[in-house]
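To start, the structure under review is shown below, and the notes come after it.
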Amino acid sequence: MKHITCIEDLRQLHKRRVPRAFFDYADRGSYTEDTLRANSEDLQQIKFRQRILVDVSRRHLSTTILGEPAAMPLILAPVGLLGMQHGDGEIHACRAAQAAGIPFTQSTMSICSIEDIAAAVDKPFWFQLYVMKDRGFIKSLIERAIAAKCSALVLTVDLQVIGQRHQDIKNGMAVPPEWSLSKLLDFASKPAWVAGVLRGKRRSFGNIVGHVKGTEDLTKLSEWTASQFDTSLNWKDLDWIRSIWPGKLILKGILDVEDAEEAAKTGAQALVVSNHGGRQLDGAPSSIEVLPEIVDAVGSKMEIMFDGGIRSGQDVMRALALGAKSCMIGRAYAYGLGAGGQAGVAKAIDIIAKELTTTMGLCGVNTIAEIDDNVLAI
Ligand SMILES: Cc1cc2nc3c(=O)[nH]c(=O)nc-3n(C[C@H](O)[C@H](O)[C@H](O)COP(=O)(O)O)c2cc1C
């Protein structure tokens, strides 16, 4: 990975190594992709103040996330199907995060199960929950996360209705999954990927298969899953979740001040300002555009996390400057995983950490706590 110097390099390598359908699944967004683009473009608009002749020899990135020490203000976001980007992808990503001293969040829609990851790593990880219609299954999923000693529950609240991603449909990432000659040829041209995925423990949703009757074959499993997203989900359900999950709770997918104020009443410790990486409501504002008003409204009551468009340490610095306490990354590490498994995820984290340290130095700050809007040229 010597010639990989930025996240875009990992993206290009991911594109070469992984079949098109899975690369596009990670890379693309919903409908016109306006919100996907806005996430990155609005971050790039934010300019820094260059400061000189400040002693920046004591720079370090360490911080706390929800009261726990962390090596830097970065979290690996929940990303579905990691095990299809690289065999046992969730385990590799979790190991890379833990080695770097930051949290990893397992998606409900992961390939490895909660138990697979718990058995393969030695520290707690976070679990992300999608609430489905089968509440008995959801209760058992939360109980499995408790048994696996997951240290936070990330409840995703922006996917009760699913935004359409045109490219996934065109690539046959549909219900049921479609096979075509071009897809098979594409797979055949990526033998290292095929071998890695075949060596992996599983090739379908590990948290669901074997836990719900009638989901044994891939078609039935994907039909069950697609029919299970619960459009009736509402604020009252939070009480039910809190009655089962006693630990730290994070609400992910908040983009509106009124919703943030409601979230602050639920007893959740944190919220993630997020538009699901531009994969849901196309035409919604970028995450960075709404971050300051949400910080103003509830930043004294809850820990504010941020995601959407982060591809560099400079982007992390921008979000911290506008009031986020930490940032999640999704695609940035998914590219790393597709490019090179655990080493690729480690590389993505390392690239962002080095960029953040450099940016802090050039803006004249030594610690994460010092970063505020003073570092911005506004
Ligand atoms: C391929 C992919 C799959 C995702 N799957 C999930 C998921 O299962 N659960 C969830 O809460 N968010 C999911 N997300 C959203 C991420 O957690 C995160 O909000 C988003 O990736 C942040 O934007 P970024 O990719 O620009 O960093 C997914 C994102 C991507 C790119």
Condition broken by ARG49, with the remaining ones in (1) touching a helix residue (DSSP H, G or I) at 6+ places or on another chain (Cβ under 8 Å); (2) surrounded by 20 or more Cβ atoms within 10 Å (Cβ to Cβ) satisfied: (2)
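Looking at LEU320, LEU337 in this structure, which one is in contact with a Pro (Cβ under 8 Å, 6 or more places away or on another chain) and buried (at least 22 other Cβ atoms within 10 Å of the Cβ)? Spell out the reasoning first.
Details: LEU337 fails: in contact with a Pro (Cβ under 8 Å, 6 or more places away or on another chain).
Answer to the selection: LEU320.
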Criterion (within 22 Å of the chain's Cα centre (by Cα) and either at pLDDT below 95 or surrounded by 21 or more Cβ atoms within 10 Å (Cβ to Cβ) (or both)) met by exactly one of ILE146, ILE162: ILE162
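Please work out if ASP186 is under 23 Å from LEU337 (Cα atoms), among the acidic types (Asp, Glu) and at pLDDT below 95. Reasoning before the result, please.
Working: under 23 Å from LEU337 (Cα atoms): yes; among the acidic types (Asp, Glu): yes; at pLDDT below 95: yes.
Spelling it out, ASP186 is indeed under 23 Å from LEU337 (Cα atoms), among the acidic types (Asp, Glu) and at pLDDT below 95.
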Filter result for THR105 (in contact with an Asp or Glu (Cβ under 7 Å, 6 or more places away or on another chain), among the β-branched types (Val, Ile, Thr) and touching a residue at least 24 places away in the same chain (Cβ under 8 Å)): no
Matching residues in region 54-90 - criterion: being under 14 Å from the mean Cα position of the chain (by Cα) and surrounded by fewer than 22 Cβ atoms within 10 Å (Cβ to Cβ): GLY80, LEU81
Which listed residue is under 29 Å from LYS190 (Cβ atoms) and either aliphatic (A, V, I, L, M) or without any contact (Cβ under 8 Å) to a residue 60 or more places away in the chain (or both), from LEU61, LEU76: LEU76
Residue pairs meeting the criteria (Cβ under 6 Å; at least 6 apart or on separate chains; first touching a residue at least 40 places away in the same chain (Cβ under 8 Å) and within 13 Å of the ligand (Cβ to nearest atom), in region 132-161; second part of a strand (DSSP E or B) and small (Gly, Ala, Ser)): THR156/GLY253; VAL157/GLY253; ASP158/GLY253
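What number of residues within region 10-19 satisfy the criterion of being surrounded by fewer than 17 Cβ atoms within 10 Å (Cβ to Cβ) and among the charged types (D, E, K, R)? It would help to see each step written out before you state the result.
If we filter region 10-19 for residues that are surrounded by fewer than 17 Cβ atoms within 10 Å (Cβ to Cβ), which is where we start, we get 12, 15-16.
Narrowing the set further to residues that are among the charged types (D, E, K, R) leaves 15-16.
Within region 10-19, residues that are surrounded by fewer than 17 Cβ atoms within 10 Å (Cβ to Cβ) and among the charged types (D, E, K, R) number 2.
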Flag if ILE169 is closer than 30 Å to PRO69 by Cβ and assigned to a helix (DSSP H, G or I): no
Some residue of region 135-146 being more than 25 Å from PRO124 (Cα to Cα) and among the hydrophobic types (A, V, I, L, M, F, W, C): no
Flag if SER300 is in contact (Cβ under 8 Å) with a residue 40 or more places away in the chain and not aliphatic (A, V, I, L, M): no
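The values are calculated or read from the model by the stated rules, or taken from the named source; none is laboratory data. Not measured: the values here are computed from a predicted model. Every residue, glycine as well, gets a Cβ built from its backbone with ideal geometry; the counts of neighbours run over all protein chains shown.
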